[in-house]
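See structure below.
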């Protein structure tokens, strides 16, 4: 049990009435702080108390701030002597400090047995202090053990979390490596796709140009044939002898030399002008003569199965109508 004293202090007041305390009593002073009669917030501030004893020695102690009040549990050393004393209350932050003017204190004399009034503790106080300190030590030891157990548990959890983090990091690195590989492959594929697309576009442009050219050519050819219809005639000739190469042969039709109006087909195969045969005559004139550049005719197919009745033929296709005159 403590003696509790409440008082309001104003940092602008210079004189206070005496506070009366009792020698050796456990005492708590609760200060309500104002400035020029107006209360203010103590949040973020620190408070301390300077106690000037009757023998003018100083006791300095820290105070607590709760619910915007300053609480000072006076140390036993403050009340060992009876007589007149003084108190100053200080509040501060990290850079500034302000204190009250002195508050007078009257410490009334105690009649407790075996207690001396001099400024040294007697054996009863020494024993009480030792018991109190041992209780505090035991409480601190229990708190230390509890904190150590909690620390060990936290360390175990931290170790497990670190192992999980490392495993996750390895998985992340593997996934990132795979992602980079996939991205490289994707970029390569994209480059190939873009190249292919460029090739496709170029090919499509060529196709469109070719289609346009074909359409134009077809239109021109169609217009030509529509306006200049050319009759096509076919003639057949059975070969009963061998035509020696570079020998003039009379064919059953007329054509214009050098006008590309004559096709010669031997046994179903079209012959090539200048390679298989030549036209005979003056360019631009009408002729019914050609000349083979290799021997033609007299193929004996009688001993070949399926060709017992094989007959060699020449087919002539003439575009246009030509005669001897």
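Values quoted throughout were computed directly from the atomic coordinates according to the rules given, and no laboratory measurement underlies them. Bear in mind that the values here come from a model prediction, so they are computed numbers and not experimental data. Quick reminder, even Gly has a Cβ in these numbers, built from the backbone with ideal geometry, and neighbours come from all protein chains shown.
Results, tabulated for the structure shown:
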| quantity | calculated |
| --- | --- |
| Stretch gain in nm, segment residue 67-residue 6, where the contour uses 0.36 nm per residue and the Cα spacing is subtracted | 20.6 nm |
| Shape box of the range 3-112 [Cα atoms, principal axes, largest first, Å] | 42, 24, 23 |
| Label-point separation in nm, residue 317 to residue 188, each point 7 Å along Cα→Cβ | 5.3 nm |
| The range 136-278: radius of gyration over Cα atoms, expressed as a fraction of 2.2 N^0.38 Å | 3.14 |
| Percent RCO, i.e. relative contact order, over the range 232-319, from Cα pairs under 8 Å lying at least 6 residues apart | 47 percent |
| Computed FRET value (nearest 0.05) for residue 25 with residue 154, which takes r as the C-beta separation and R₀ as 56 Å | 0.80 |
| Spacing of the two label points (7 Å from each Cα toward its C-beta) at residue 164 and residue 265, in nm | 8.8 nm |
| Over the chain: Rg over Rh, Cα atoms, Kirkwood Rh | 1.89 |
| Euclidean distance between Cα centres, the range 1-23 to the range 146-196, Å | 65 Å |
| Three semi-axes of the equivalent ellipsoid, the range 39-86, Cα gyration tensor, whole Å, largest first | 26, 9, 9 |
| Where the Cα pairs of the range 232-319 fall when distances are cut into 10 Å bins, in % | 17, 51, 24, 7, 1 |
| The chain, helix-only ellipticity at 222 nm - DSSP H runs n ≥ 4, -39,500 (n - 2.57), divided by all residues, nearest 500 | -12500 deg cm²/dmol |
| Long-range Cα-Cα pairs in the range 1-67 (distance over 16 Å), rounded percent | 60 percent |
| The chain - percent relative contact order, Cα under 8 Å, separation 6 or more | 12 percent |
| Estimated FRET transfer efficiency (residue 285, residue 223; beta-carbon r; R0 41 Å; 0.05) | 0.90 |
